[in-house]
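Trainee: Below is the structure I would like to discuss, written out as structure tokens.
What follows draws every value from the coordinates through simple rules; no lab data is involved. Predicted model only: the values in this text are computed from it and were never measured. Positions of Cβ are backbone-derived with ideal geometry, glycine not excepted, and every protein chain shown enters the neighbour counts.
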Amino acid sequence: MDRNLFEKFKEASKLIQKVEIDNEKLTLFWANNKKEIFFLSDLRKVALITTNEGPFQPDIFWLLMFRIPIMVPSDELIPGSLKITDYILNLPNFNYDKYIAAISSTDNQGFELWEK
């Protein structure tokens, strides 16, 4: 991913205040008191982006490709964001080997884990 594009996604992801996910939709609650709904049936691709900025900054981000790409920090400080992992790990043909490599990474890397 282009570094400038990554930085823009990362900055936008800081505005996410809360995440809800169920079997049908992902709902993002933004800092401006607005929410955005993404239907999981429209999910096309999943990647995990890692950075070298941890442990004091979020350093693991889900990159979810819907009609538009969204990047959500996998961070216990954002209520509900860790539940994305539970959903994604159960996708058919999910690449667990790459996932293990991704969560072990402390470098700036991207790992494509699933594609519809």
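Trainee: Taking 0.36 nm per residue of separation and subtracting the Cα-Cα distance, what length does fully extending Lys116 through Lys83 add?
Mentor: 9.9 nm
Trainee: Continuing with this model, one more query. Once both labels are modelled 7 Å past Cα along the beta-carbon direction, what's the Trp30-Ile68 spacing in nm?
Mentor: Each label point is offset 7 Å from its Cα along the Cβ direction, giving 0.7 nm.
Trainee: Put +1 on the Cβ of every Lys and Arg and -1 on every Asp and Glu Cβ in the chain; which of Leu82, Gln17, Phe56 then has its Cα farthest towards the positive end of the dipole?
Mentor: Gln17
Trainee: Let me ask you something else. About the Cα centre of region 61-116, what is the dipole size in debye to 20, counting +1 per Lys and Arg Cβ and -1 per Asp and Glu Cβ, all else neutral?
Mentor: It comes to approximately 220 debye.
Trainee: In percent, how large is the relative contact order of region 3-115, given Cα pairs closer than 8 Å and 6 or more residues apart?
Mentor: 26 percent
Trainee: Loop-only check: which trypsin sites (Lys or Arg not before Pro) in region 1-109 are DSSP coil with at most 14 other Cβ within 10 angstrom?
Mentor: Lys14, Lys34, Arg44, Arg67
Trainee: Counting other beta carbons within 10 Å of each residue's own, what order do Ser105, Ser81, Ser74 fall into, fewest first?
Mentor: Taking fewest neighbouring Cβ atoms as first place, the list is Ser105, Ser74, Ser81.
Trainee: Follow-up question, since we're still on this one. When a/c reaches 1.5 or more, the comparison of a/b and b/c decides; with that in mind, is region 15-116 rounded, prolate or oblate per its Cα gyration tensor?
Mentor: The shape class here is oblate.
Trainee: How long is the gain from Tyr96 to Glu76 if the chain were fully straight, where each residue apart is worth 0.36 nm and the alpha carbon distance is subtracted?
Mentor: 5.1 nm
Trainee: Follow-up. Between region 22-41 and region 61-116, how many Å separate their Cα centres?
Mentor: Answer, in whole Å: 16.
Trainee: Could you list the GluC sites (Glu not before Pro) in region 9-83 that lie in coil according to DSSP, counting only those with at most 15 other Cβ atoms within 10 Å of their Cβ?
Mentor: Here the sparse-neighbourhood loop sites are Glu24, Glu53, Glu76.
Trainee: Nothing charged except the Cβ atoms of Lys and Arg (+1) and of Asp and Glu (-1): what's the magnitude of the dipole of the chain about its Cα centre? Round to the nearest 20 debye.
Mentor: Using only the charged Cβ atoms, the result is roughly 380 debye.
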